[in-house]
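Reading through the structure tokens given below for one structure.
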Amino acid sequence: MSDQTADREILDVAAETILALLPRMGRIMLGTQAGGTTHERIGEIEAVTIDNGTARLSGPCHDSQIDLSQIATVIADRSGRMRERILPKLEMQDRQGITLFSLHALDGPELFDKALAPFSPGRPVTPPERKPSSSAQDVPADDLAIVTFQAAHESGEPVTIEMRRAGLVQAWTGEVPEPKPAMGFINVMTKDFHLHLMAGAVARWRKLGDTQKVELHAETADGALTGLVLRAAPQAFAQLTEAVHHG
């Protein structure tokens, strides 16, 4: 980072141009939050393809589709720190200034700044105030999310865990590791995927599908879809008998 580069700056360039640079930045964590769910894919992005207004990020550690029409602002942020190291990120925001998803450059600022050099410095902006973390609560043993992921884990069936929100669809597929409750969240984690689900975020599942494949769509207590979708063979969720209704 040069002396002229701000900790946080708006890049006056199209999102697709910036996304195309991601394979040059080393390991990337693409994270999105919605409906009490944090969904993250972690690792190098091998390819970015743009087709008909959609950017596809792919590789062994990434599987996402981005609706470019939803991205109004690209922000480069270098204010983050991890153990005294700068942990830069890109934020993709909509027209209301809401962050749709972030791309954290886990290998530090060198590759990040080199890739962005043609478009930096941008327009400086003030970093948002950091919100204090809420008090951690225990996760009830009968929380629907932990019961669901435990059932999927014990089944041994491959499951796709997908997050759908405005501007982004991101997925991971594999055998579900044992869910770990901690700090008020249900955590499902592998080397290249992290899911952090707030306790109580899933009130019930809306079930779609047939005898070959089913989808479980997470709902809040008010019946709103959160964007979290599980997709697998029916036997992955055979132990679930309550809080599931057919869509």
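The values are calculated or read from the model by the stated rules, or taken from the named source; none is laboratory data. Keep in mind the model is a prediction, meaning the values are calculated, not measured. Here the Cβ positions follow ideal geometry from the backbone for every residue, glycine too, while neighbour counts run over all protein chains shown.
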Original post:
Right, Ile71: surrounded by 20 or more Cβ atoms within 10 Å (Cβ to Cβ), touching a Ser or Thr at 6+ places or on another chain (Cβ under 7 Å) and over 30 Å from Pro181 (Cβ atoms) or not?
Top reply: no
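Residues checked against (1) modelled with pLDDT of 95 or more; (2) surrounded by fewer than 17 Cβ atoms within 10 Å (Cβ to Cβ); (3) outside the structural domain of Arg56 (by TED's automatic domain parsing):
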| site | (1), (2), (3) |
| --- | --- |
| Thr160 | yes, yes, yes |
| Arg165 | yes, no, yes |
| Trp172 | yes, no, yes |
| Pro181 | yes, no, yes |
| Ala221 | no, yes, yes |
| Leu230 | yes, no, yes |
| Gln239 | no, yes, yes |
Subject >> Residue list for region 131-150, filter: crowded, with 20+ Cβ neighbours inside 10 Å and hydrophobic (A, V, I, L, M, F, W, C) >> reply: Val139, Leu144, Ala145, Ile146, Phe149
Original post:
Take the residues of region 99-149 that are assigned to a loop (DSSP other than H, G, I, E, B) and hydrophobic (A, V, I, L, M, F, W, C): which is nearest to Glu40 (Cα to Cα)?
Top reply: Leu106
Original post:
Among Lys131, Lys89, which is at pLDDT below 95 and not assigned by TED's automatic domain parsing to the domain that holds Thr160?
Top reply: Lys131
Original post:
Which pairs have Cβ atoms under 8 Å, sit 6 or more apart or on different chains, and link a residue in region 19-37 that is free of Cβ contacts under 8 Å to residues at least 40 places away in the same chain to one that is among the charged types (D, E, K, R)?
Top reply: Pro23/Glu44; Pro23/Glu46
Original post:
Could you say which residue among Val159, Val169 is assigned to a strand (DSSP E or B), in contact with a strand residue (DSSP E or B) (Cβ under 9 Å, 6 or more places away or on another chain), farther than 15 Å from Ala236 by Cβ and hydrophobic (A, V, I, L, M, F, W, C)?
Top reply: Val169
**OP:** Given the conditions (1) among the acidic types (Asp, Glu); (2) in contact with a Gly (Cβ under 7 Å, 6 or more places away or on another chain); (3) under 30 Å from Arg95 (Cα atoms), report the number of the one that Glu129 does not fulfil.
**Re:** (2)
**OP:** Go through region 203-219 and count every residue that is surrounded by 15 or more Cβ atoms within 10 Å (Cβ to Cβ) and in a strand (DSSP E or B).
**Re:** 11
**OP:** Please work out if Arg27 is buried (at least 18 other Cβ atoms within 10 Å of the Cβ), modelled with pLDDT of 95 or more, of a type in the set (D, E, K, R) and in contact with a Leu (Cβ under 9 Å, 6 or more places away or on another chain).
**Re:** no
Original post:
Does Ser64 count as of a type outside the set (Phe, Trp, Tyr), assigned to a helix (DSSP H, G or I) and either under 18 Å from the mean Cα position of the chain (by Cα) or surrounded by fewer than 18 Cβ atoms within 10 Å (Cβ to Cβ) (or both)?
Top reply: no
Original post:
How many residues are more than 17 Å from Phe112 (Cβ to Cβ) and either surrounded by fewer than 20 Cβ atoms within 10 Å (Cβ to Cβ) or modelled with pLDDT under 95 (or both) when one looks only at region 37-61?
Top reply: 13
